[in-house]
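The structure appears right after this line, and notes come after that.
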Amino acid sequence: MFEVLPPLSPDPILGLSAAFKEDTNPDKIDLGVGVYKDEQGNTPILTSVAKAQKILLEQETSKAYISPQGNQGFIDGMLSLLLGETSQVRMANRVAAVQAPGGCGALRILSELLVRCSEKVRVWVSDPTWANHIPLIGSAGLQLETYPYFDKETASIRFDAMMETLRKTEKGDVVLLHGCCHNPTGADLTRDQWDAVLELAQERGFLPFLDVAYLGFGDGLDADAYGVRLMAENLPEVIIAASCSKNFGLYRERVGLAAVISNNSQTRDITQGQLQYVARGIYSMPPSYGGALVDIILSDEALTKEWIGEVDAMRNRMQSLRSMLVEKLNENGLDRDFSFVEQQKGMFSFLCISPQQVQAMRDEHSVYFVDSSRVNIAGINKQNVDTLAKALVSVL
Ligand code: LMR
């Protein structure tokens, strides 16, 4: 049976971790997979999460199945974060949602739901987009198209070209937008640009599919929700996949949310049933643990405050690492302007160097990052920034 299967190349992102582990250079630097790291290179459990774990250990009395939609407290807390406390669409009972196994699980459930609406759905993704969008959405059977997003030459968003392409969309098309902290480029739409995308969605009738994996890592929890809230409150239908991997540091617990805004509450009720049916057909119901922790944090004022402080600290540290890298590059005599790294948002930056230069960084300097030239900013620290800057200057 299995001999018919072709061998596959390692995953473009996860494969880097394996290669990094095997490298024996003591000065190796890992800027690959998007995981937050502190100054010592560790990914600690957030203090708010550690406190929630203790509470959960004392409170949990059963390991019986949770309900098919997941933890309702988690869902409500996440919808407040994403849509705001006074969301009109929630008050109008237009939001269906399920807890999902990570942002990936959410993306997949929503893709399966779209296939159930029509096998002809086209999903437009940014060029470039997160590498795993392609298998997650494509394997569900949806047709993928791309819209221009980022210009490597100028290290900026190709907004006019993006809009020109999206003007060709038709009613029934889906446009995947990164809610904030675009992965892989770190280049985000401005508020004016979000407003223009909303107008175009109203004109063309496409359905925005918002992937929100880094809420709080750009400009703050509320500021980062601008695009999501704008679309949600002004369009009849919107879909949202959210992840708690990064902002709650719950990577391995697989915690996410799949939400669908429908144009009325009857369709919402039907959609809720459909979401649960899709989930049941793949994994039945989500794992309980991570969602329960998020529920504990978001339903306790003091823990929420502590968690927001931790998100703010991670964001501010990543911003200072961006400045530190640019400064070190200048100090090491780089004659190219890398100041765009400081303008980009969230966990990633696109260095806009060639795949050959990325390979040279790996082979000659043991610095690991994605072929597209995406670096995980959180992998930089005071100990490795000089080595990193020197290596970059030498391959450039
Ligand atoms: C990343 O983009 O590095 C993260 O979202 C981890 C992953 O699964 O790819």
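Just so you know, all these numbers are worked out from the coordinates, no wet-lab data involved. Everything numeric here is computed off the predicted structure, so don't read it as measured data. Glycine gets a Cβ as well: all are built from the backbone with ideal geometry, and neighbour counts include every protein chain shown.
Structural remarks
- Screening ILE377 against (1) crowded, with 16+ Cβ neighbours inside 10 Å; (2) away from the ligand (no atom under 16 Å from the Cβ) leaves a single unmet condition, (2).
- Odd one out for ASP371 among (1) under 24 Å from LEU215 (Cα atoms); (2) in a loop (DSSP other than H, G, I, E, B); (3) within 16 Å of the ligand (Cβ to nearest atom): (1)
- Residues in segment 368-396 that are in contact with a Leu (Cβ under 6 Å, 6 or more places away or on another chain) and under 16 Å from LEU14 (Cα atoms): TYR368, PHE369, SER373, VAL375, ASN376, GLY379.
- Only residues that are closer than 18 Å to ASP127 by Cα and assigned to a helix (DSSP H, G or I) were counted across segment 343-360, and they come to 1.
- Within segment 326-341, the residues that satisfy the criterion of being closer than 19 Å to THR154 by Cα and surrounded by 14 or more Cβ atoms within 10 Å (Cβ to Cβ) are VAL326, LEU329, ASN330, LEU334, PHE338, PHE340, VAL341.
- Residue list for segment 25-58, filter: free of Cβ contacts under 8 Å to residues at least 12 places away in the same chain and either within 16 Å of the ligand (Cβ to nearest atom) or farther than 19 Å from GLY249 by Cα (or both): PRO26, GLU58
- Checklist (1) buried (at least 20 other Cβ atoms within 10 Å of the Cβ); (2) under 23 Å from SER262 (Cβ atoms); (3) of a type outside the set (Asp, Glu) applied to SER126, failing item: (2)
- Matching residues in segment 122-141 - criterion: being within 25 Å of PHE159 (Cβ to Cβ), hydrophobic (A, V, I, L, M, F, W, C) and away from the ligand (no atom under 16 Å from the Cβ): VAL123, TRP124
- A residue that is hydroxyl-bearing (Ser, Thr, Tyr) and touching a Lys or Arg at 6+ places or on another chain (Cβ under 8 Å) occurs nowhere in segment 328-344.
- Among the residues of segment 344-372, those that are among the polar types (S, T, N, Q) and free of Cβ contacts under 8 Å to residues at least 60 places away in the same chain comprise SER354, GLN356, GLN357, GLN359.
- Here ALA187, ALA213, ALA242, ALA223 are screened, and the one residue that is over 28 Å from ALA279 (Cβ atoms), among the aliphatic types (A, V, I, L, M) and within 16 Å of the ligand (Cβ to nearest atom) is ALA187.
- Contact annotation: residue pairs with Cβ atoms under 9 Å, 6 or more positions apart or on different chains, pairing a residue in segment 9-24 that is at negative phi with a partner that is within 10 Å of the ligand (Cβ to nearest atom) and in a helix (DSSP H, G or I), are PRO10/LEU16.
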